[in-house]
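Right, one structure below, let's go through it.
Each reported figure results from applying straightforward, stated rules to the coordinates on display, with no laboratory input. Not measured: the values here are computed from a predicted model. Glycine gets a Cβ as well: all are built from the backbone with ideal geometry, and neighbour counts include every protein chain shown.
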Amino acid sequence: MTDYPVDLSIAPEVEAFFDEATNTISYVVRDPASTSCAVVDSVMDIDYAAGRITYGHADAMIDFIKQRGLTLEWIIETHVHADHLSAAPYIQGKLGGKIGIGSKIMVVQDTFGKIFNEGTEFQRDGSQFDRLFEDGDTYHVGKMQAFAMATPGHTPACMVHVMGNAAFVGDTLFMPDGGSARTDFPGGDAGELYDSIQKVLALPDDMRLFMCHDYGPNGRDIQWETTVGDEKAHNIHVGGGKTKADFVKFRTERDATLAMPKLIIPSLQVNMRAGEVPRDKDGNPMLKVPVNGL
Ligand SMILES: [Fe+2]
């Protein structure tokens, strides 16, 4: 197993931005020793029925960063999201910073390039992103060292990003009472997700974990922060030492009952392009719907 450079002595400030339309939590993460920051999993607003894109959620993050005089160095995507559109290029256009995702994005681009029948102009080499992370790769947000852990299962390109004592888990884990993410999208694998979750749970018990989603199960208020120790003890899908076989059986049966996310069709087309809306032959932004293709 990769030896990850964990450093719990660094405690970044983490500001969460909850998107009610998609139950996504985006983050601004600030290096405590400088004015540098990173954005994790931003959201671009879409009224899909109207084909209208707006930027209220992203603008709130941009205002926050500007008001504090911070420098944006990284715009991190934990994976190609299927339930919301990324605002990474919009934020980069306003504040700079490099857009990064896991190198297995190429697998995702190949899969969905076929499903959406993209032409040869759609590059499947990850070149739409500024940085493709491999398992264990490190980078810096100001003076703070960060690293990426490959955590496939929900999708092939999923990664958990760890910055000091804060880990951004994407769609590996949900809050303990929410369990885990589905694994039935193309390229998903329940057994792989179980193994990836074990990697996250092998981090120190005090590591703070920040969720990408929360749906407030059983009527509780929305939450997004927990710890490794809490997940190990209480996660309803993998906590308390549940076995891989139990998890795979449960996850597979559960996934068979789930409807597709409302925004999966626009999300995939945009997010596999690092947040850029595809264009038609005349250069106009345009989305497709592959009928019975998903
Ligand atoms: Fe996801």
Prolate/oblate/rounded label for the range 13-271 (Cα gyration tensor, a/c 1.5): rounded
Sites Arg279 and Asp230 - FRET efficiency at Förster radius 35 Å, r taken between beta-carbons, to 0.05: 0.20
For the range 150-163, 3J(HN,Hα) per residue [Karplus equation, 6.51 cos²θ - 1.76 cosθ + 1.60, θ = phi - 60°, Hz, x = Gly/Pro]: 5, 9, x, x, 5, 9, x, 8, 4, 9, 9, 9, 10, 10
Where a label projected 7 Å from the Cα of Ile222 along Cα→Cβ would reach, residues of the range 48-78 with amide N under 19 Å: 48, 54-65, 78
Under Karplus coefficients 6.51, -1.76 and 1.60, residue-wise ³J(HN,Hα) of the range 238-245 in Hz, glycine/proline x: 10, x, x, x, 4, 7, 4, 4
Extension reserve of the Glu20-Lys98 stretch, reckoned as 0.36 nm per residue once the Cα distance is removed: 25.4 nm
Per DSSP, loop chymotrypsin sites (Phe, Trp or Tyr not before Pro) in the range 200-294 with at most 14 further Cβ within 10 Å: Tyr215
Reach of Lys114 by Cα under 17 Å, taken over lysines that are not fewer than 8 positions away in the same chain: Lys104, Lys288
Environment charge of Thr151, counting only residues whose C-beta is closer than 12 Å and scoring Lys/Arg +1, Asp/Glu -1: -3
Longest segment of the chain lacking GluC sites (Glu not before Pro) that sit in a DSSP loop with at most 11 other Cβ atoms within 10 Å: 122-294
Rough spin-label spacing in nm, given labels placed 7 Å along Cα→Cβ, for Asp255 and Gln67: 4.1
Sequence of Ile53, Ile46, Ile91 once ranked by neighbouring C-beta atoms within 10 Å, starting from the fewest: Ile53, Ile46, Ile91
Total formal charge among the other residues, if their Cβ is under 11 angstrom from that of Ile53, Lys/Arg +1 and Asp/Glu -1: -1
Antiparallel content of DSSP bridges confined to the range 13-271, in %, to 5: 70
Anisotropy class of the range 44-86 from Cα gyration tensor, a/c 1.5 cut: oblate
Net +/- balance of residues flanking Leu258 in space, Cβ distance below 14 Å, scoring K and R +1, D and E -1: -1
